[in-house]
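Novice: Structure incoming, see below.
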Amino acid sequence: MSFLEELGAWPRARIEALIERARPEDVAAAIAREQRTPEDLCAMLSPHAQACLEPMAAEARRLTRWHFGRTIGMYAPIYISNVCGADCVYCGYAVRSGNRERRLNLSAAEIRAECAALAAEGYQNVLLLTGEARRAAPVSYIAEAVAIAREFFPSVSVEVYSLDEDEYRLLCQRGLEGVTLYMETYDPTVYQAVHLKGQKTDYRYRLDAIERAGRAGARRLSIGALLGLTDWRIDGFWTALHGRYLQRACWQSAVSVSFPRLLHTPARFSIPHLVTDAELVQLMLAVRLFLPEAGFNLSTRERAEFRDHLIPLGVTMMSAGSSTRPGGYATHVDETLEQFAIEDRRPPAKVVEAIRAQGYEPVWKDFDYAFDETSSR
Amino acid sequence: MTEDRLVIAGRSIRSRLFVGTGKFPSSAALKACLDACDAEIVTVALRRADLSKPDDDSILSVLNRDRHLLLPNTSGARNADEAVRLAKLARAAGLEPWVKLELTPEPRYLLPDPIETLKATEMLVKEGFTVLPYIQADPILAKKLEEAGAATVMPLGAPIGSNRGLRTYDMLRIIIEQASVPVVVDAGLGAPSHAAASMEMGADAVLVNTALADARDHAAMARAFALATEAGRAAYLAGLGPERSVAEASSPLTGFLRDKD
């Protein structure tokens, strides 16, 4: 079984037709229903739903509080490598991005120093990232990094190139809790047009990767489409469908969704389908109503004020004080190439203040070493 | 009349209302709840609690070891081994050897796994723990857990966090009727009337979390649940009349038989 089969039943034309056909009363009916169908999702993604953002927001807030309480999980990304062999036209790490700043893999000692800096801020949940670099940053290197990070944090996830099931299993055995892997776009034609080199050109291998991670034992699976590559309504629909598929296929894993919006790209690439704030909010609300139990991650890609407004609309996890360059917290603070520019530059303490001001409790720890039998603690 | 006290594993418990600590918007909100309802048994997810820094922990820092029995729970454990490791970790950190078993392998509805729960109960009882397992409202499982040495059974009224009340009413009634250990109705109680109904049917205690964490006024809702729990218990002890589906005619239908003479 693969998500590809389900995706096959939902070609772009079918979704477009449903969105086109949706009337205001279909949006109202979708909001009122307790369990929502893919057709309801199309209605909520339609232009008519822009007039219904307030009732959708109220329902999104209700559902999120019901499932997650008034809490926001805190996490931080750690870029351990910015070496990249892929050529993704929108990305600052791409081999032909024209960026000339320094590329490197952090050494074990440097990873330790980065972890110590974040642990001192209170973090207990981190996401380790690399570029697409199977040779330069091999699985053995990532596994070592996971083991090091686990010395500092109970909860460690990765966002790296797609792996085989056995490779994910190896990382889980080192204490990995979660895997984040964005499909970028579910549209095969657009996908091929923006991914020009390396393993990432293999659409099918990437599409199935997150399910392999679930089968290998990853407890948290995070998905997302890079918003701006194609019509957000279509990729948003496919992302939500993927989430629902994973909840069935990997029933022991918690599925979460991110909504990374392209705002800054290298000079050679201009964003073809810029997504406005109101459209991003509509997408998040529609997906929340379709997937009430999915976690929503919100990164520092978005600006501070906008992030604060999004807190009650379905967000369950937030990063703060992030750096997107290897060594950005302690070892190479300004000298390495960053993946993208951070918008919300507030330190964690300020973000925590903003979360509290919205009536939510920041949660630093939500996993324990005792879950993992290999843990020495 | 002798004092009506709940006793679990030989320990006399002050309140029949147990409180869960997840989902609260702040430590202050949790504290207000605990102060208002005076619950003794307070359950804390080990995955969230930082036992190494209890004074900095948003939940642990609110608990008072003289007033509260901190009942650690194994929420998030997917199998018996994980649950047993979590329980041992809590004991090693100096908590009482009590554990609320939550074996919830799927993260969406957090429904309990009966097979792993029974296995973990057997393992933990052998290790000397007082075990309070969270279960489906399954009467046979409840009896098997009792035989395995569970100190209570904690069947659900409805899916956790759903506020749907006693959706498992018929099965809960059988569990209560058959139990020789205290029965704590756990999960799904969204309104004080649900707590009262649980107690009226003979449950020994109830556990509430989401309904308190979600309330506009946390303290007032905690107080309302405490009163409802007490009222339900009092009604149970007083002996409720049987429920009837039709009214009894005030002029008896067979009265004519006596009217003749």
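Novice: Relative to the Cα centre, what is the charge dipole magnitude of the protein assembly as shown, using +1 at the beta carbon of each Lys and Arg, -1 at the beta carbon of each Asp and Glu, and rounding to the nearest 20 debye?
Specialist: Taking the Cα centre of the protein assembly as shown as origin, the dipole is about 540 debye.
Novice: Quick one: Cα centre-to-centre distance for segment B:171-220 and segment B:110-153, in angstrom?
Specialist: Using only Cα atoms to place each centre, the spacing works out to 18 Å.
Novice: List the residues whose amide H sits under 5 Å from the amide H of B:LEU69, counting only those 5 or more places along or on another chain, with H placed 1.01 Å from N in the peptide plane.
Specialist: B:ILE41, B:VAL42
Novice: To the nearest 10 degrees, how steeply does helix B:114-126 sit against the main Cα axis of chain B, on a 0 to 90 scale?
Specialist: 70 degrees
Novice: Give a residue-ordered list of calculated ³J(HN,Hα) values for segment B:15-28 (Karplus: 6.51 cos²θ - 1.76 cosθ + 1.60, θ = phi - 60°; whole Hz; x for Gly, Pro).
Specialist: Those phi angles translate into 10, 8, 9, 9, 10, x, 10, x, 6, 6, x, 6, 4, 4 Hz.
Novice: Please work out the average accessible area per residue across chain A, using the 1.4 Å probe convention, and give it in Å².
Specialist: Counting only protein heavy atoms, the per-residue value for chain A is 37 Å².
Novice: Oh, and also: If amide H atoms are built 1.01 Å from N in the plane of the peptide, which residues on other chains or at least 5 residues away come under 5 Å of the amide H of A:ILE72?
Specialist: Here A:GLU361, A:VAL363 satisfy the definition.
Novice: With r as the distance between the Cβ atoms of B:ILE115 and A:GLU343 and R0 = 60 Å, compute the FRET efficiency 1/(1 + (r/R0)^6) and round to 0.05.
Specialist: Once the sixth-power term is evaluated, E becomes 0.80.
Novice: Report the label-to-label distance for A:ARG100 and A:ASP166 in nanometres (one decimal), using points 7 Å from each Cα along the Cα→Cβ vector.
Specialist: Those two pseudo-labels are separated by 4.3 nm.
Novice: Another question, if that's okay. Counting only protein chains, not ligands or nucleic acids, how are B:HIS68, A:HIS273, A:HIS67 ordered by accessible area (probe 1.4 Å), most first?
Specialist: From most accessible down to least: A:HIS273, A:HIS67, B:HIS68.
Novice: Springs between alpha-carbon atoms under 10 Å, Gaussian network over chain A: tell me which of A:PHE259, A:PHE269, A:PHE296 tops the mean-square fluctuations.
Specialist: Top of the fluctuation ranking is A:PHE269.
Novice: Another question, then. Show that you can apply the helix-only estimate: for chain B, add -39,500 (n - 2.57) for every DSSP H stretch of four or more residues, divide by all residues, and state [θ] at 222 nm to the nearest 500.
Specialist: Value at 222 nm, helices only: -11000 deg cm²/dmol.
Novice: Along the positive direction of the dipole of the protein assembly as shown (beta-carbon charges: Lys, Arg +1; Asp, Glu -1; about the Cα centre), which of A:TYR168, A:VAL281, A:SER107 reaches farthest?
Specialist: Farthest towards the positive end: A:SER107.
Novice: Dipole of chain B, Cα-centred, from +1 at each Lys and Arg C-beta and -1 at each Asp and Glu C-beta, to the nearest 20 debye?
Specialist: 300 debye
Novice: With every protein chain kept in the model, how would you rank A:TRP232, A:TRP66 by accessible area, 1.4 Å probe, largest at the top?
Specialist: Sorted descending by solvent-accessible area, the residues read A:TRP66, A:TRP232.
Novice: Using the beta-carbon distance between A:ALA116 and A:ALA278 and R0 = 56 Å, what value does 1/(1 + (r/R0)^6) give for FRET efficiency, to the nearest 0.05?
Specialist: Computed FRET efficiency for A:ALA116 and A:ALA278 comes out at 0.85.
Novice: Further, regarding this structure: Under 5 Å between amide H atoms, partner at least 5 residues away or on a different chain: which partners does B:LEU111 have, H built in plane at 1.01 Å?
Specialist: HN-HN under 5 Å from B:LEU111: B:GLU106.
Novice: Can you flag which of A:LYS365/B:LYS119; B:LYS31/B:LYS100; B:LYS119/B:LYS144; B:LYS100/B:LYS144 are past 19 Å Cα-Cα?
Specialist: A:LYS365/B:LYS119; B:LYS31/B:LYS100
Novice: Now for a different question. Please work out the Cα center distance from segment A:325-377 to segment B:36-95, rounded to the nearest Å.
Specialist: 24 Å
Novice: Now for a different question. Explain nothing, just the number: dipole magnitude of segment A:169-242 about its Cα centre with +1 on each Lys and Arg Cβ and -1 on each Asp and Glu Cβ, in debye rounded to the nearest 20.
Specialist: For this selection, approximately 400 debye.
Novice: Related question: In segment B:72-87, which residues give up 30 Å² or more of accessible area once the other protein chains are added, compared with their chain alone (1.4 Å probe)?
Specialist: B:ARG78, B:GLU82, B:ARG85, B:LEU86
Novice: Tell me, what is the 1.4 Å probe accessible area of A:CYS84, in Å² to the nearest 10?
Specialist: The value for A:CYS84 is about 20 Å².
Novice: What are the ³J(HN,Hα) values, in whole Hz, obtained from phi via the Karplus relation 6.51 cos²θ - 1.76 cosθ + 1.60 with θ = phi - 60°, for each residue of segment A:142-148 in sequence order, with x given for Gly and Pro?
Specialist: 5, 4, 5, 4, 4, 4, 5
Novice: With a 1.4 Å probe and all protein chains kept in place, how do B:LYS23, A:LYS365 rank by accessible area, largest first?
Specialist: Sorted descending by solvent-accessible area, the residues read B:LYS23, A:LYS365.
Novice: Moving on to the next point. Take every DSSP beta bridge with both residues inside the protein assembly as shown and express the antiparallel ones as a percent of the total, to the nearest 5.
Specialist: In the protein assembly as shown, approximately 10 percent of DSSP beta bridges are antiparallel ones.
The values are calculated or read from the model by the stated rules, or taken from the named source; none is laboratory data. As the structure is a prediction and not an experimental result, all values here were calculated from the model. Please note: Cβ atoms are built from the backbone with ideal geometry, for glycine as well, and neighbour counts cover all protein chains shown. All accessible areas refer to the heavy atoms of the entire protein, side chains included, with ligands and DNA or RNA removed. Shrake-Rupley method; radii C 1.70, N 1.55, O 1.52, S 1.80 Å.
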